[in-house]
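Structure, as structure tokens:
The values are calculated or read from the model by the stated rules, or taken from the named source; none is laboratory data. Small disclaimer: the values here were computed from a predicted structure and weren't measured. Note that each Cβ is placed from the backbone with ideal geometry, even for glycine, and that neighbours are counted across all protein chains shown. Ligands, DNA and RNA are stripped out before the accessible areas are found, and what is left, the full protein with its side chains, is counted by its heavy atoms. Shrake-Rupley method; radii C 1.70, N 1.55, O 1.52, S 1.80 Å.
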Amino acid sequence: MRRSKYFMPTLKETPSEAQIPSHRLMLRAGMVRQTAAGIYSWLPMGYRVLRKIEQIVREEMDATGAQEILMPTIQPAELWQESGRYDDYGKEMLRINDRHDRALLYGPTHEEIVTDIFRNSVRSYRDLPQNLYQIHWKFRDEVRPRFGVMRGREFFMKDNYSFDIDAESARRSYNKMFVSYLRTFARMGLTPIPMQADSGAIGGDMSHEFIVLADTGESAVYCDRDWFKTDPLSLEIDFDADLQPIVDRWTELYAATDEKHDAENCPIDEKQLYTGRGIEVGHIFYFGTKYSDSMGATVSDSEGKETKVEMGSYGIGVSRLVGAIIEANHDDDGIIWPESVAPFKAGIINLRAGDEGCDGVCQQLYDGLTEAGVDALYDDRDERAGVKFAEMDLIGLPWQIAVGPRGVKAGTVEIKQRGGEREEVSVESALARLT
RNA sequence: CGGGGCGUGGCGCAGUCUGGUAGCGCACCUGCUUUGGGAGCAGGGGGUCGGAGGUUCAAAUCCUCUCGCCCCGACCA
């Protein structure tokens, strides 16, 4: 993509409404624009990142055998009246009436809809287990949206729902999600720490929040330093195998959010305790027959008896992750994207646009990268070097290649990783480095 | 929802207390000079001061109402 043609309205100054780094940087880098309180429009570069994250989530969901569906954003009130949540949910739920004065709502979550789909379509235990996911928009009318995309009212979310014949099978479904989440977040360059969460009326240990550490995170977290020795990406996972040992391993180390942590009775040594901040990016939850009960979702078991299905639901805040990743990866100059979610892998800076030599080398680099399938942003504008360097640092592409008249004469370009040192190399080796 | 704050060109702000017909920096346009870390000079365009009422000879400024946004707290992917 040529910068001169790319819609990326960057800002030198920070709009006054933005307080935390990710919000400021997303506005400054031209990734998003606020449309209303807690409601954002995604501009080309922000949308690229959102899609990268979405794709990682999708791949990891698919790897577990979950199947992607797409449910409506607008839902009929009847289903919620049936589950009993229509009155419980309160003002966070955006309620709408259509022209016939029928009560509708903009879905804050989709348990009712999937349960409805399921009960109308599945009759036998032979069709279980089942796990359906979707990635799309939800709306919760937060009293106080803030932190930009990290706590919006409208947000992009992956949510999925498991259906099992019994509690034991439901635990297997839960474990799959648990392990899958570890990989999903790790692939985005984040350190995910599962923390036991309140599992409500069901009780037990079947609810976890996934927290990623970030200095500017919303809540204080306490955990064992051994967390940093673990690497989810090194896990060889067979989703058909028993995952309980992996889950056990990832829950035996201490980890607690502010609310649960008790300094007096902390089970681990002070030296071993890491104190930091974190952002909740995922939540998995087993809730048994809560909805199958109220909404009559049953199947025949192996003896022909009607049995309520055991369910769980699992969420990942996809749009929140964009902010969370920036919170965890930035410096004073701007964003530092992990390669897996970067909008472009590399930026090419033409330090003397219009100079025949510079133009030629830049084109050669750009073509070379493009042919190799590497996304590059080529800053071909007639701007001063400082402007280009500053913007490239701001938008945080993992690699920068600077092409100037001096180097071109000597047959070299300068390559550096965002935040790293510059290195003079030949055009060929620059290309080799990135392809 | 309780408490606080702010709405003035695209962005950041001054002007409001003490009414007199809107200003600065950045960005934008033109020209020249510059050209390796957000250039310099000159010229130029753009705002009925969030909105509606009211007071006044006169309102960004005073009064009333209203809408929007932000921050702290309680709540959440």
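Tabulated data for the structure shown
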| item | result |
| --- | --- |
| Of residues in the stretch A:403-418 being small (Gly, Ala, Ser) and near RNA strand B (Cβ under 10 Å from one of its atoms), the one most open to solvent (accessible area, probe 1.4 Å) | A:Ala410 |
| Test result for A:Thr64, modelled with pLDDT of 95 or more and either open to solvent by 60 Å² or more (accessible area, probe 1.4 Å) or in the same structural domain as A:Ala328 (by TED's automatic domain parsing) (or both) | yes |
| Subset of the stretch A:40-55 that is open to solvent by 10 Å² or more (accessible area, probe 1.4 Å) and among the hydrophobic types (A, V, I, L, M, F, W, C) - its residue that is farthest from A:Ser180 (Cα to Cα) | A:Leu43 |
| Filter result (within 19 Å of A:Ile117 (Cβ to Cβ) and small (Gly, Ala, Ser)) within the stretch A:159-177 | A:Ser162, A:Ala170, A:Ser173 |
| Test for A:Ile165: is it buried (at least 20 other Cβ atoms within 10 Å of the Cβ), in contact with a strand residue (DSSP E or B) (Cβ under 6 Å, 6 or more places away or on another chain), farther than 30 Å from A:Arg95 by Cβ and in the same structural domain as A:Ser319 (by TED's automatic domain parsing) | no |
| Condition broken by A:Thr307, with the remaining ones in (1) within 30 Å of A:Phe389 (Cα to Cα); (2) at pLDDT 95 or above satisfied | (1) |
| Matching residues, the stretch A:11-23, being within 16 Å of A:Ile325 (Cβ to Cβ) and within 10 Å of RNA strand B (Cβ to nearest atom) | A:Ile20, A:His23 |
| Any hit, the stretch A:407-417, residues being within 24 Å of A:Leu43 (Cβ to Cβ) and hydroxyl-bearing (Ser, Thr, Tyr) | no |
| Residue satisfying all of: in the stretch A:327-355; assigned to a loop (DSSP other than H, G, I, E, B) and open to solvent by less than 40 Å² (accessible area, probe 1.4 Å); nearest to A:Arg381 (Cα to Cα) among these | A:Ala353 |
| Candidate set from the stretch A:1-10 (those that are open to solvent by 50 Å² or more (accessible area, probe 1.4 Å) and out of contact with any helix residue (DSSP H, G or I) (no Cβ under 9 Å at 6 or more places or on another chain)); member that is farthest from RNA strand B (Cβ to nearest atom) | A:Lys5 |
| Filter result (within 16 Å of RNA strand B (Cβ to nearest atom) and either charged (D, E, K, R) or outside the structural domain of A:Thr14 (by TED's automatic domain parsing) (or both)) within the stretch A:33-57 | A:Arg33, A:Glu54 |
| Matching residues, the stretch A:12-39, being open to solvent by 60 Å² or more (accessible area, probe 1.4 Å) and closer than 23 Å to A:Phe389 by Cα | A:Lys12, A:Glu13, A:Arg24 |
| Pick from the stretch A:228-275, criterion closer than 22 Å to A:Glu60 by Cβ and of a type in the set (D, E, K, R), ranking: most open to solvent (accessible area, probe 1.4 Å) | A:Glu236 |
| Counted residues, the stretch A:276-319 - those being closer than 21 Å to A:Arg126 by Cβ, open to solvent by 40 Å² or more (accessible area, probe 1.4 Å) and in contact (Cβ under 8 Å) with a residue 40 or more places away in the chain | 2 |
| Conditions (1) farther than 29 Å from A:Arg28 by Cβ; (2) open to solvent by 50 Å² or more (accessible area, probe 1.4 Å); number of the one not met by A:Asp359 | (1) |
| Subset of the stretch A:385-402 [open to solvent by less than 30 Å² (accessible area, probe 1.4 Å), more than 6 Å from RNA strand B (Cβ to nearest atom) and in contact with a helix residue (DSSP H, G or I) (Cβ under 9 Å, 6 or more places away or on another chain)] | A:Lys388, A:Ile395, A:Gly396, A:Gln400, A:Ile401 |
| Checklist (1) in contact with a strand residue (DSSP E or B) (Cβ under 7 Å, 6 or more places away or on another chain); (2) more than 10 Å from RNA strand B (Cβ to nearest atom); (3) open to solvent by 40 Å² or more (accessible area, probe 1.4 Å); (4) not hydroxyl-bearing (Ser, Thr, Tyr) applied to A:Glu424, failing item | (2) |
